Amino acid sequence: MDPTTHYDAVVIGSGQAGGPLAGALAGSGRRTALVEREHVGGTCVNEGCTPTKTMVQSARVAHLARRAADYGVLTGPVNVNMEKVRRRKRAIVDAFRGGSERRIERTEGLDLIEGDARFTGPKELEIDLKGGGTHRLFANAVFINVGARPADPPIEGLASVPHLDSTSIMELDEVPERLLVLGGGYVGLEFAQMFRRFGSEVTVVQRGGQLVPREDADVGEAVAEILRGEGLEVLLQADALAVESTTDGLRLKVRTPEGERELEGSHLLVAAGRPPNTDTLGLPAAGIETDKRGFVKVNERLETNVGGVYALGDVKGGPAFTHVSYDDFRVIRTNLIEGGDATIAGRMVPYTMFIDPQLGRVGLSEGEAERQGLNFKVARIPMTHVARALENDETRGFMKAVVDAETGLILGATILGIEGGEIMGVLQMAMMGNVPYTAIRDGIFAHPTLTESLNNLFATVP
């Protein structure tokens with residue numbers, strides 16, 4: 001390529017918004033460049049959803065194997081080969097990434113440029129190429145989809161102590177003897193349970209008063225009970241003060257309501273937030289505004305304050321989910337390619353935390369409805385009242401839904417139970433279609449299925 005190239009569009013980052021968007025822009029006749037500094041597919045394919053859920057399933061198999069006697073099946077001791085777990089994970093990631101790379105290669109009018117991008121002007125970029133050298137790009141429109149990365153909290157000694165993040169922990173070739181996990185959010189808990197099932201002793205250190213702090217208190221309590229039931233130690237209101245290396249691993253000093261404690265561990269996983277990858281983008285040179293944490297500010301059409309420059313996915317802040325990033329792509333495609341008028345205002349954002357049992361959430365929680373002063377009712381049943389869960393001997397957790405007291409419409413749902421994310425999806429579709437809870441309460445579902453339990457759930461509406 002010429003040292004200076006003009007494009008109709010440049011997409012920075014090939015994640016779940018950037019990759020599809022680059023293909024769609026090129027397919028619409030726009031000469032497009034897709035700049036990727038590390039690997040095609042972004043966080044989801046390479047370090048997030050795909051590899052973690054692959055390993056979650058390996059851990060679930062180990063868990064079920066240990067429970068085999070509960071089902072009348074006799075087995076021997078269960079051991080985990082982490083090298084094979086990692087090999088399986090890598091193979092699936094490679095397959096997904098390879099598919100994305102082939103789609104890019106086959107797309108006419110789309111150039112994949114490997115390197116680090118930084119702005120030198122509002123729509124001017126300089127790329128430090130992976131193979132050496134630099135390349136300058138000019139574009140009519142620029143789309144930022146650079147994502148976020150794991151953060152290290154300000155803990156004394158952390159910089160000098162070897163520790164793991166959500167990427168490096170998946171490259172271990174042996175099961176940690178004792179894993180300490182800093183953070184009681186979605187990422188930390190998925191790995192905490194996973195490695196407990198692989199055979200590690202695990203302690204979760206959560207600064208706040210409950211796990212999964214975005215959820216209702218009863219959800220946090222139930223999650224903690226589930227994890228403790230599997231042998232994890234869960235410390236709440238525990239501030240990590242300092243960490244140091246020892247001959248056997250490391251020592252973490254924490255302050256708890258009962259006083260200071262020193263935790264011994266062989267490995268430390270830090271899962272305490274994800275800042276955006278904007279610090280090397282040269283945003284000031286383009287005049288692009290960010291908030292105090294570095295997230296790019298956008299309006300409801302994903303436009304930045306600089307005309308023709310957009311931000312999609314985690315880099316703009318808000319819910320950091322793959323499906324949100326992909327919907328950002330759809331908003332841009334609708335507006336710029338199809339001539340529509342889509343926005344991100346008021347969109348429904350479901351999500352699932354892949355602990356076992358899963359936590360599926362959509363719409364308002366009970367606490368959110370209360371804080372908004374809504375007139376609502378709550379439906380709730382424990383999973384012990386779900387026939388299919390009893391038959392599967394998977395009865396941990398509960399279902400809860402919030403309904404409008406006047407219209408009967410479903411405002412939100414929390415499903416902590418076997419296949420909670422799948423059950424949540426059924427309720428999301430009802431919410432999208434403005435189906436009142438009574439229609440689900442009185443509907444006929446196949447027996448025995450998990451979905452059938454929604455009859456009983458909504459029968460509890462007072």
Inset, instruction - Would you tally the residues in region 119-148 being within 23 Å of residue 167 (Cβ to Cβ) and assigned to a strand (DSSP E or B)? - result: 3
Inset, instruction - Only residues in region 228-249 that are without any contact (Cβ under 8 Å) to a residue 24 or more places away in the chain and not assigned by TED's automatic domain parsing to the domain that holds residue 262 count as the first member; pair them with residues that are loosely packed, with under 14 Cβ neighbours inside 10 Å and assigned to a loop (DSSP other than H, G, I, E, B), Cβ under 9 angstrom, at least 6 apart or cross-chain, and list the lot. - result: none
Inset, instruction - Need at least 1 residues that are under 24 Å from the mean Cα position of the chain (by Cα) and either β-branched (Val, Ile, Thr) or within 19 Å of residue 42 (Cβ to Cβ) (or both) per element, so show me which strands (runs of 3 or more DSSP E) inside region 256-352 make the cut, counting only ones lying wholly within it. - result: 267-270, 309-311
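Conditions tested, residue by residue: (1) of a type outside the set (Ser, Thr, Tyr); (2) more than 17 Å from the chain's Cα centre (by Cα); (3) at pLDDT 95 or above; (4) in a helix (DSSP H, G or I).
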| position | (1), (2), (3), (4) |
| --- | --- |
| 355 | yes, no, yes, no |
| 362 | yes, no, yes, no |
| 367 | yes, yes, yes, yes |
| 374 | yes, yes, yes, no |
| 377 | yes, yes, yes, no |
| 380 | yes, yes, yes, no |
| 388 | yes, yes, yes, yes |
| 394 | yes, yes, yes, no |
Legend entry - Matching residues, region 38-66, being over 27 Å from residue 326 (Cα atoms) and without any contact (Cβ under 8 Å) to a residue 12 or more places away in the chain: 61, 64
Inset, instruction - With respect to residue 302, determine if the residue is more than 22 Å from residue 147 (Cβ to Cβ) and touching a residue at least 24 places away in the same chain (Cβ under 8 Å). - result: no
Legend entry - Tally of residues being small (Gly, Ala, Ser), under 19 Å from residue 198 (Cβ atoms) and exposed (fewer than 15 other Cβ atoms within 10 Å of the Cβ) across region 226-279: 2
Inset, instruction - Could you check residue 26 against (1) assigned to a helix (DSSP H, G or I); (2) within 27 Å of the chain's Cα centre (by Cα); (3) under 30 Å from residue 111 (Cβ atoms) and say which number it fails? - result: (2)
Legend entry - Of residues in region 427-462 being assigned to a loop (DSSP other than H, G, I, E, B) and in contact (Cβ under 8 Å) with a residue 60 or more places away in the chain, the one surrounded by the fewest Cβ atoms within 10 Å (Cβ to Cβ): 462
Inset, instruction - Determine which single condition residue 314 fails, assuming it passes every other condition in (1) among the acidic types (Asp, Glu); (2) touching a Pro at 6+ places or on another chain (Cβ under 7 Å); (3) buried (at least 20 other Cβ atoms within 10 Å of the Cβ); (4) outside the structural domain of residue 288 (by TED's automatic domain parsing). - result: (4)
Legend entry - Of residues in region 147-176 being of a type in the set (A, V, I, L, M, F, W, C) and surrounded by fewer than 17 Cβ atoms within 10 Å (Cβ to Cβ), the one farthest from residue 59 (Cα to Cα): 159
Inset, instruction - Test each condition in (1) of a type outside the set (A, V, I, L, M, F, W, C); (2) surrounded by 14 or more Cβ atoms within 10 Å (Cβ to Cβ); (3) in the same structural domain as residue 196 (by TED's automatic domain parsing) for residue 122 and report the one that comes out false. - result: (3)
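Here is a yes/no grid of residues against (1) surrounded by fewer than 24 Cβ atoms within 10 Å (Cβ to Cβ); (2) farther than 30 Å from residue 169 by Cα; (3) of a type in the set (D, E, K, R):
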| site | (1), (2), (3) |
| --- | --- |
| 5 | yes, yes, no |
| 8 | yes, yes, yes |
| 12 | no, no, no |
| 18 | no, no, no |
| 24 | yes, yes, no |
| 30 | yes, yes, yes |
| 41 | no, no, no |
Legend entry - Set 204, 175: member being in contact with a strand residue (DSSP E or B) (Cβ under 8 Å, 6 or more places away or on another chain) and of a type in the set (A, V, I, L, M): 204
Inset, instruction - Considering each of 351, 326 in turn, give the residue that is assigned by TED's automatic domain parsing to the domain that holds residue 311 and either surrounded by fewer than 20 Cβ atoms within 10 Å (Cβ to Cβ) or aromatic (Phe, Trp, Tyr) (or both). - result: 326
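The values are calculated or read from the model by the stated rules, or taken from the named source; none is laboratory data. Predicted, not measured: the structure shown is a model, and the values here were computed from it. No Cβ is skipped: glycine too gets one built from the backbone with ideal geometry, and neighbour counts run over all protein chains shown.
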